[in-house]
Amino acid sequence: MKPSRGWFAAKRIVSAVPLVFGVVAATFLLTRLLPGDPAAFFTNTPGAGAAEIAEVRHNLGLDRSLPEQFVIYLVNLAHGDLGQSLISGQSVAADLMERLPASLELTVIAFVLACAVGLPLGIFAALRPGSIIDHTCRIVSTAGVSTPVFVSGLLLIYVFYYLLGWAPDPVGRLDPYLNAPPHLTGLLIVDGLLAGDLNSTLSSVKQLILPSATMALFALAPLARMMRGSMIAVLGSEFIRTARALGLPRRKIIMTYALRNALLPVITTLGMVFSYMLGANVLVEKVFAWPGIGAYALNALISLDYAPVQGFILLMACLYVVLNLMVDLIYSFIDPRVGLAE
Amino acid sequence: MDRRRFLTGSASMIGGALTYATGSKEAVSQSRGETLRALGSGAPNTLDPQSTSGIDRPAQGAIECITDRLVTFGTKTGSNGVDHYDYYNVMPALAESWQYSSGGTSLTFKIRSDATFHDNSPVTAEDVKWCLDRMVSQPSTRGQMKAGSLEKPEQFVVLGAHTLRMDFSRKDNRTLPDLCHPYASIVNAKLAKKHITEKDPWASEWLKNNPAGGGAYKIASWKPGEEVIYVRNDNWKCGPKSAFQRVIYQVVPEAANRRALIERGNADITLDLPPKDVNDLEKASKLQILSVPAINGFEFVAMTTTTKPYDNVKIRQAVASALPYAEMFKAAIFDRGKPLYGGPEGKPTSINWPTAFPYRTDLNRARKLLAEADCPNGFETTFVFDQAQADVGEPASILIQEALGKIGIKVTIEKQPSGEMGSALQSHKIPFYYQRSAAWLNDPVYAFEIFYQGDWRWNLGNLKDAELDKTIEAARFETDNTKYDAMCIRMKEIAFEQVPTIMLWQPFVDVIAQKDIAGYRYMPHRQIDFRTLRRV
């Protein structure tokens, strides 16, 4: 009997538990293995001596043995407590919850933008290999991948904000003189629309344009390349030749038969690109002063602030599990041959 | 709905939105005159003046504005017309007056009877006493308070609702300046005490996130790591009313963007621009460049005197004679600072500190010193700098490598993350490195106490010099000015000769502001004091 999708999802989530535990243990160990003593780092005012450092170390619980610290961490984790961030002074859970929507909003928009441009570009390039559109695809994707995000970001800012003055100042998610809409989802566009606050919605859309374009430029390349490659392979396969020989309309051949089959590897790439964008957009966040989770975790890592780093990696691990599951489910919708059983 | 009707409908909707947006923009721009938009690279990590987990510079700046201290620094105008705090002129703040007893062993403060906290409750001597007790108890502030002879809760005695006495074993000139800094800020004890728990006797958990002061500004919103919005406290009694009704402080990590915002006029004032950008802006002269050499700060190269081969004073002098000072000054900070090299040789004439060291690039002298140290062919060494200070560390290290190579010293350059380097400095494991530092108290003896003796990290070259230790101790409470000056001069001589740290320069602290902003003054924490700013 073919197992249901719900059963499949439940099984997958349960089987992810050891994986997440492994991630928790590994990040705990890794952060402790980093050279440097947080107590010394955070007691860095002249006048603080060994006694003061020892006291701060005790307050941070870092004077206990590693297994002891790990057990305390696990117990806190079970209570939903991810620890305290020393650099922001807030609880990590609160920090991540505050910042995740900012990262999600940016990533989703950039992702949609990248798909909207990248997939058609790949498809058209595959339909007319060697044509101008194919070359455009190649140039855009090469340039997108080879330009570091901070370069393209700063370039866009320089042209559209500094020179032309079309874009709003590249700082944060909202015009600083406006009040944020009441916090419901944390996604400013959604919150703004829900509150009927057109002003702040418009402002948050404007603030999103440059950073999401920067990110999309970067994410475009793998999508367009993958789409093109996969489409060319499918178009050359025998069932397409048969379909053509049978005189099926071109539109039907491309959209129904070719595209659907070509999408399978692209979906996998999409999942990877999305999760990569979510976690690795540190540079975009830095350039645009975007209060997301990537920049947060990087700052914490540099400052020997363990808890946010661990919290961030745990969050990313969980998101990856969910995303992978979603990719597999979408797979099964697109291709009924893909079994859900192991 | 057909397509055409949908399109016209949405077009009018967008049009409506646009008029709506422009309409309210006028209202916004009216209030912009009263609003200051300031930018910086860092965010406050706490609102607790005595936080146990470290207080970063932006937090010190925030605390300066949202709380008061018993006393405050006066203002002095520098030679380039830019104001800075005056360490030697302590002025009333929460305390309207103070009086030393005849022997100087007790100090009585009269606290303003009209001063209130942000919740409108009066500031009493009990509040002040609790905060002072807290300052001398918390590990992060204890050492700093001790530097001003403030050590034990028993020293602070409440005499009345608005009178408080401090007792000392002897008079200390550092007590009053020590009380002017953000770490000595007074918060609402009545409020804080409600949040005391058995594990947290000083309500640190609560004070971290809750501004409980009575300062010139209140916090309207605080997004950690991102933005602080202040509104003026119209009931403030400790100084003249501030001009800006609202202040928006935003964190913009990218220096290029801070520059773009201030150049396009979207921000009023910004901190933390690299010296190269400041030079460009100075040439363009469309903005105000408010530069003050970091009065209490200095940048240096240190040699740990307890490691080989730097245990030999001749080696240290050789290195100090070989550094390419002028090139470093130019390449690293684009001449934006006050050189602390190439000072006059011979006996020091002033007690000023930090001061220019009598070393200049002289490779022949360096070679001679190396030969005298039985090391004519040089040696191999590693030069370390902090990743977070790569702006100077990177160019400086390459120039040092090249210059020392000429006298046979082979330098390997190593860049370390801040946390790692900080811990290694704690145990004096790094033989040769670049760092920057600053002291809260500008008293020369204090600088020697912190940076030239002791077992802690702040003994920058881990110097162990019996004569220096003795002189520091003798000078600590010396009241005879002639003797005091003689001792300070002797300490400087030892520092020049032993040279565990090679002073490089005092960097300019550059603040960039629009031409209509006035009233800036340099504060010891290098953040913007919003209270004195105004639009002209």
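Backbone geometry of segment B:247-263 corresponds, through the Karplus equation with coefficients 6.51, -1.76 and 1.60 at θ = phi - 60°, to 3J(HN,Hα) couplings of 10, 10, 9, 10, 8, 10, x, 8, 4, 4, 6, 4, 5, 4, 5, 6, 5 Hz, x marking Gly and Pro. Projected over all directions and averaged, the alpha-carbon convex hull of the protein assembly as shown occupies 44.9 nm². For the peptide A:57-66, the mean number of other protein chain Cβ atoms found within 10 angstrom of a residue's Cβ is 1. For B:Ser97 and B:Lys146, the FRET efficiency from 1/(1 + (r/R0)^6), where r spans their Cβ atoms and R0 equals 22 Å, is about 0.30.
For B:Ile111, the residues whose amide H sits under 5 Å from its own are B:Glu96, B:Thr163, B:Leu164, ignoring neighbours fewer than 5 places away on the same chain, with H placed 1.01 Å from N.
The simple Förster model, with R0 at 51 Å and r as the Cβ-Cβ distance, assigns A:Ser332 and A:His183 a FRET efficiency of 0.90. Once both labels are positioned 7 Å from their Cα atoms along Cα-to-Cβ, the gap between A:Tyr276 and B:Asn120 label points is 5.9 nm. Built from the Cα atoms of segment A:149-191, the convex hull projects on average onto 3.9 nm², one quarter of its surface area. Here chain B exposes an accessible surface that is 51 percent carbon and sulfur, computed with a 1.4 Å probe and the other protein chains kept in place.
Compute the separation of the alpha-carbon centres of segment B:210-257 and segment A:214-254 and state it in Å as a whole number. Between the Cα centres of segment B:210-257 and segment A:214-254 lies a distance of 56 Å. How about segment A:163-180: which of its residues lose at least 30 Å² of accessible area in the presence of all protein chains relative to their chain isolated, using a 1.4 Å probe? Residues passing the criterion (a loss of at least 30 Å², heavy atoms only) are A:Asp169, A:Val171, A:Pro176, A:Tyr177. Only beta bridges with both residues in the protein assembly as shown are counted; by DSSP, about 75 percent of them are antiparallel. Scanning residues 5 or more positions from B:Leu39 or on other chains, those with amide H under 5 Å from its amide H are B:Gln250, B:Ile269, B:Thr270, B:Leu271, with H placed 1.01 Å from N in the peptide plane. Listed values for segment A:253-264 are Karplus-derived 3J(HN,Hα) couplings in whole Hz (6.51 cos²θ - 1.76 cosθ + 1.60, θ = phi - 60°), namely 4, 6, 6, 8, 8, 6, 4, 4, 6, 6, 6, 3, and x replaces Gly and Pro.
Only alpha carbons enter this Debye calculation for chain B, each as an equal point scatterer, and the log10 of I(q)/I(0) it gives at q = 0.07, 0.10, 0.12 Å⁻¹ is -0.46, -0.89, -1.21.
Per residue of B:446-454, how many C-beta atoms from partner chains lie within 10 Å of its own C-beta, taken as a mean?
Whole-number average of other-chain Cβ neighbours for B:446-454 is 1.
Close amide H partners of B:Asn462, meaning residues 5 or more places away or on another chain with modelled amide H under 5 Å apart, are B:Thr305.
Ligands, DNA and RNA are left out, and with a 1.4 angstrom probe the accessible area of chain A is 47 Å² per residue. Its DSSP H runs of at least 4 residues, each contributing -39,500 (n - 2.57), put the calculated 222 nm mean residue ellipticity of the protein assembly as shown at -15500 deg cm²/dmol, to the nearest 500.
What FRET efficiency do you get for A:Ala10 and A:Thr142 if R0 is 45 Å and r is their Cβ-Cβ distance, rounded to the nearest 0.05? Don't skip to the answer; put the middle values down first.
Values: r = 43 Å, r/R0 = 0.95.
It comes to 0.55.
At q = 0.13, 0.16, 0.22 Å⁻¹ the log10 of I(q)/I(0) for segment B:469-522 amounts to -0.59, -0.68, -0.86, computed by Debye summation with a single uniform scatterer per C-alpha, solvent ignored. Between B:Glu154 and B:Lys429, the simple spin-label model (points 7 angstrom out along Cα→Cβ) gives 4.1 nm. The modelled label-to-label distance between A:Tyr158 and B:Asp335, using points 7 Å beyond Cα along the C-beta direction, is 2.6 nm. Ignoring aspartates and glutamates fewer than eight residues from B:Lys194 along the same chain, the ones with Cα atoms less than 17 angstrom from its Cα are B:Asp48, B:Asp119, B:Glu126, B:Asp127, B:Asp133, B:Glu205.
Accessible surface area normalised per residue over segment B:297-508 is 40 Å², counting heavy atoms of protein chains with a 1.4 Å rolling probe. Contact-buried residues of segment B:396-439, at a threshold of 20 Å² lost accessible area versus the chain by itself: B:Ser418, B:Gly419, B:Glu420, B:Ser423, B:Gln426 (1.4 Å probe; DNA, RNA and ligands ignored).
Ignoring ligands, DNA and RNA and using a 1.4 Å probe, state the total buried accessible area between A and B in Å², rounded to the nearest 100. Could the numbers behind the result be given before it?
Numbers: alone 18350 and 23800 Å², together 37750 Å².
Counting both chains, the buried surface is close to 4400 Å².
Expressed in nm to one decimal, what extension gain is obtained for the pair B:Asn80 and B:Asp485 from 0.36 nm per residue of sequence separation less their Cα-Cα distance? Please list the in-between numbers first.
Values: separation 405, 0.36 × 405 = 145.80 nm, distance 2.83 nm.
Going from the current span to full extension adds 143.0 nm.
In chain A, the ratio of gyration radius to Kirkwood radius, Rg to Rh, stands at 1.04 when only Cα atoms are counted. Annotated for segment B:349-487: lysine pairs at least 8 residues apart or interchain, Cα distance under 25 Å, count 8. When only alpha carbons are used to place a centre, segment B:72-147 and segment B:489-536 end up 22 Å from one another.
For segment B:68-204, which semi-axes, largest first and in whole Å, follow from the square roots of 5 times the eigenvalues of its Cα gyration tensor? Each step should come with its number before you reach the end.
Details: eigenvalues 118, 66, 53 Å².
Sorted largest first and rounded, they come to 24, 18, 16 Å.
For chain A, with all protein chains present and a 1.4 Å probe, just round the carbon and sulfur fraction of the accessible area to a whole percent.
Working: 11490 of 16130 Å².
Carbon and sulfur: 71 percent of the exposed surface of chain A.
The values are calculated or read from the model by the stated rules, or taken from the named source; none is laboratory data. A quick note: this is a predicted structure, and the numbers were derived from the prediction, not measured. Note that we place each Cβ from the backbone using ideal geometry, even for glycine, and neighbour counts take in every protein chain shown. With ligands, DNA and RNA removed, areas are computed over all heavy atoms of the protein, side chains included. Shrake-Rupley method; radii C 1.70, N 1.55, O 1.52, S 1.80 Å.
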